[in-house]
């Protein structure tokens, strides 16, 4: 069952925001998203939370300053997703900015298929073989759960600095330093920093420490703000909550992209994605640029993506970006086949009458690719409004281990649910980690049925009927005067994302001509119904991945965008849902 409801807001608050100079439509939208003071509208960099509030950030910056002065060797150990890749690029670029071009720093990104996630002992052994052997390992977007890896590093004479944002386990690794807003005792007001955001904060603190040591002045200091395009990309692609602090980071990163002064690699990715960087928005970062960078880690080696983000030569960047685009197309083909097989399996369950009774989805297939399981889990979660975990055989595990990736729905903390499963049946989950909306884990193939049963029981206990209802929260009805390209441009310029959702509007429409695009997307002519609407021109609507036609009249939830084609701008409605109630 689907429930449609308007997101509530205070007229009084919207009025205050409008009086401060905010557009009336944006005033309503911001008020509905918890912005209740005009001063909160500013996304100036000066409004960022201070690094002094981030536990261990200042002491770790002091340690890094000492390392730079002693010219000791460092190696950044990255994660293999977009957040990890951008965090790695920020670390290498930033440390070289602050320490000089001869800074002894390398990077290593594990192969997700052979070494698993995080700073494992195998990764540490590989790091120790680098030339020169690093004195310090710096993790980015990982490490908070790497007890064994940190212990192995110490055995081999290397110290570990952990920078991460994931939730810790019961014990912290015995690292030399840990910077993570989610570690115990950290009072940093924003727990939503992505891994790339944590690394950026550490660089801000390091620059201040070096400035105090007289290495440069406020006028001559390196402009690490130039790295904010990378911070914006990693933050949005990792679906981090866009609280005000993250919106400041993303807003300033997008400004650089729109101004044409972003990294060569990001400019090249926009070209490969056929997107206009001058009109860059969070939707581009999350659904066009991020997936192309992620494709390297899913099917190949994220080293390719990091090389692109470190590249300063436009020609080389274009070549790398188009290679990532090719890999991403391959990823979509693999994902499509896996999704089709998963839906066929679930259709059999539905015919047997079991799917409707389940509170979760767990699937695996011997032929599935472990690099794409997270995307398929996300698609299943969206389609069925159930927490979904999809597994594939782990390479190098003699076929006896499954590695899974899960995605959750609002109100169900996935990592905590896995923790409950692991405590009820110790040893069932070999390892796991993640956060509320996404998590990864490993189990034995022979234990899949037991895991599925236990996870289903935990989900049924924690999920109410209300949470399992598909809820479409919208921002109400648009006035006839607001169906314009100017409105589309106005909305596109704002910072929308997880926790600060992109506006979805609601209305009743007269449905005209309907046709299919590429045999799988519904294209239709719409005329809004209601006062002042009937005289308006028909609008074009698109509903991706739907082939079933709509009735002559329909109540729809939609996004309003400005579509530009061959120099012409027009309003387009991107349909999200049909209210059949």
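Could you list, in sequence order, the residues of the stretch 210-243 that are in contact with a strand residue (DSSP E or B) (Cβ under 9 Å, 6 or more places away or on another chain) and assigned to a helix (DSSP H, G or I)? 235, 236, listed by residue number.
The set of residues in the stretch 439-451 being surrounded by fewer than 21 Cβ atoms within 10 Å (Cβ to Cβ) and touching a residue at least 40 places away in the same chain (Cβ under 8 Å) consists of 442, 444, 445, 446, 448. Residue under question is residue 482, and the condition is that it be surrounded by fewer than 19 Cβ atoms within 10 Å (Cβ to Cβ) and within 21 Å of residue 388 (Cα to Cα); does it hold? It is false that residue 482 is surrounded by fewer than 19 Cβ atoms within 10 Å (Cβ to Cβ) and within 21 Å of residue 388 (Cα to Cα).
Within the stretch 32-42, the set of residues being under 18 Å from residue 492 (Cα atoms) and surrounded by 19 or more Cβ atoms within 10 Å (Cβ to Cβ) comprises 32 only. Kindly evaluate residue 9 against the criterion of being in contact with a strand residue (DSSP E or B) (Cβ under 7 Å, 6 or more places away or on another chain), under 20 Å from residue 482 (Cβ atoms) and not in a helix (DSSP H, G or I). Taking the combined requirement at face value, the residue does not satisfy it.
Of all the residues in the stretch 363-379, those that are in contact (Cβ under 8 Å) with a residue 40 or more places away in the chain and either over 18 Å from residue 433 (Cβ atoms) or in the same structural domain as residue 111 (by TED's automatic domain parsing) (or both) number 6.
Screening the candidates 454, 430, 463, 491 for the property of being outside the structural domain of residue 371 (by TED's automatic domain parsing) and either at positive phi or crowded, with 17+ Cβ neighbours inside 10 Å (or both) yields one hit, 491. When 42, 20 are checked against the criterion of being out of contact with any strand residue (DSSP E or B) (no Cβ under 8 Å at 6 or more places or on another chain), under 30 Å from residue 222 (Cβ atoms) and not assigned by TED's automatic domain parsing to the domain that holds residue 184, 42 stands alone in meeting it. Scanning the stretch 248-268 for residues that are within 16 Å of the chain's Cα centre (by Cα) and surrounded by fewer than 22 Cβ atoms within 10 Å (Cβ to Cβ) yields one hit, 251.
When the residues of the stretch 506-533 are narrowed to those that are out of contact with any helix residue (DSSP H, G or I) (no Cβ under 9 Å at 6 or more places or on another chain) and crowded, with 20+ Cβ neighbours inside 10 Å, which ends up nearest to residue 27 (Cα to Cα)? Looking at residues that are out of contact with any helix residue (DSSP H, G or I) (no Cβ under 9 Å at 6 or more places or on another chain) and crowded, with 20+ Cβ neighbours inside 10 Å, I get 506. Can you give me the number of residues within the stretch 181-202 that are without any contact (Cβ under 8 Å) to a residue 40 or more places away in the chain and crowded, with 19+ Cβ neighbours inside 10 Å? Within the stretch 181-202, residues that are without any contact (Cβ under 8 Å) to a residue 40 or more places away in the chain and crowded, with 19+ Cβ neighbours inside 10 Å number 0. Only one entry of 205, 295, 288, 280 meets the criterion of being crowded, with 21+ Cβ neighbours inside 10 Å, in the same structural domain as residue 112 (by TED's automatic domain parsing) and either closer than 24 Å to residue 110 by Cβ or free of Cβ contacts under 8 Å to residues at least 24 places away in the same chain (or both), and that entry is 295.
The values are calculated or read from the model by the stated rules, or taken from the named source; none is laboratory data. Just so we're clear, the structure is a prediction, and the values are computed from it rather than from any experiment. Cβ coordinates were reconstructed from backbone atoms using ideal geometry, including for glycine residues, and neighbour counts include every protein chain displayed.
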